[in-house]
Amino acid sequence: MMTNLFSVFDPSSSMGLSMNWVSLILGMFLIPFSKWVINSRWVIMSELLVMKLYSEMKVLFSSSSKMVAVIFKKALFLFIMFNNILGLTPYVYTATSHLVITLSLALPLWLGYFSFGWVMNCKWMLAHLMPQGTPGLLMPFMVIIESVSSLIRPGTLAVRLMANMIAGHLLLVLVSSSVMGLSALMFWGIILTQILLVVLEVAVAIIQSYVLVILSVLYSSEV
């Protein structure tokens, strides 16, 4: 019995165990190897997504690091998208709705390009703290504002993904909890609403994985 509305986001809510984290690696068992070696619909759809991502990201990387960076970002996109969509399956925990997972994805990305920029290109990073054409009176404030905006980037990436996943799942739980005691007409109305919400959540799952990857690419392109 659900004692708290947010208990569905607790990885230990099932029999007091933390087995819900198994959903993070569930994709390796659900996708047979044969789907990657034959020309299946899954392979065609994956190739379309990958080529779209490549066209979006290739202009932001230098030629020397383009291939490795694009492959890593594509893998990150597929990992986040799969976990977002898998969380819509009944009795499967949504790992990306937990701050531990989203921050574990965003923080290493930010630390990687941030530390690389300050070590390898310190002058360029200092120039980013002062936008061109800033009046002299506002320069100290602009340095503080730009520094804070740079430091909170991993938090904003992590909270954005987590909040969107939580908001959609809470909406589904709230709508489904109002089924009891309704007439037949209202019952089918709730069912139709649930179907539309699930379709919307699938779109949100794909969009949020795309947004996180593209924002990380934009941040890393600055260095």
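The values are calculated or read from the model by the stated rules, or taken from the named source; none is laboratory data. Keep in mind that this is a model prediction, so the values were computed, not measured. When we count neighbours, we look across all protein chains shown, and the Cβ atoms used for this are built from the backbone with ideal geometry, even at glycine.
Would you confirm, using the coordinates I've provided, whether F141 is more than 29 Å from the chain's Cα centre (by Cα) and in a helix (DSSP H, G or I)?
On the way: more than 29 Å from the chain's Cα centre (by Cα): yes; in a helix (DSSP H, G or I): yes.
Yes, satisfied.
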Name the residue, out of S209, S221, S216, that is within 23 Å of L107 (Cβ to Cβ), touching a helix residue (DSSP H, G or I) at 6+ places or on another chain (Cβ under 7 Å) and at pLDDT below 80.
-> S221
Only listed residue being part of a helix (DSSP H, G or I) and at pLDDT 80 or above, chosen from L185, L161, L174 = L161
Restricting the first residue to region 137-151 and requiring it to be free of Cβ contacts under 8 Å to residues at least 24 places away in the same chain and more than 15 Å from Y219 (Cβ to Cβ), which pairs with a second residue that is among the acidic types (D, E) and part of a helix (DSSP H, G or I) meet a Cβ separation below 8 Å and a spacing of at least six or different chains?
-> none
Just one listed residue, out of T89, T102, T94, is modelled with pLDDT of 85 or more and among the β-branched types (V, I, T), and it is T102
Residue satisfying condition, being surrounded by fewer than 13 Cβ atoms within 10 Å (Cβ to Cβ), farther than 25 Å from I206 by Cβ and touching a Pro at 6+ places or on another chain (Cβ under 9 Å), within set L111, L137, L126 = L111
Filtering region 103-121 for residues that are part of a helix (DSSP H, G or I) and polar (S, T, N, Q) leaves a count of 2
Of (1) touching a Lys or Arg at 6+ places or on another chain (Cβ under 7 Å); (2) part of a loop (DSSP other than H, G, I, E, B), V70 satisfies every one except (2)
Within region 78-105, which residues are crowded, with 23+ Cβ neighbours inside 10 Å and either within 15 Å of L212 (Cα to Cα) or touching a Lys or Arg at 6+ places or on another chain (Cβ under 6 Å) (or both)?
-> I80, N83, N84, T96, S97, T102
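Scan region 122-138 for residues that are assigned to a helix (DSSP H, G or I) and either among the β-branched types (V, I, T) or closer than 23 Å to A69 by Cα (or both) and jot them down.
Here is the first cut: in region 122-138, the residues assigned to a helix (DSSP H, G or I) are 122-128, 136-138.
Result: C122, W124, M125, H128.
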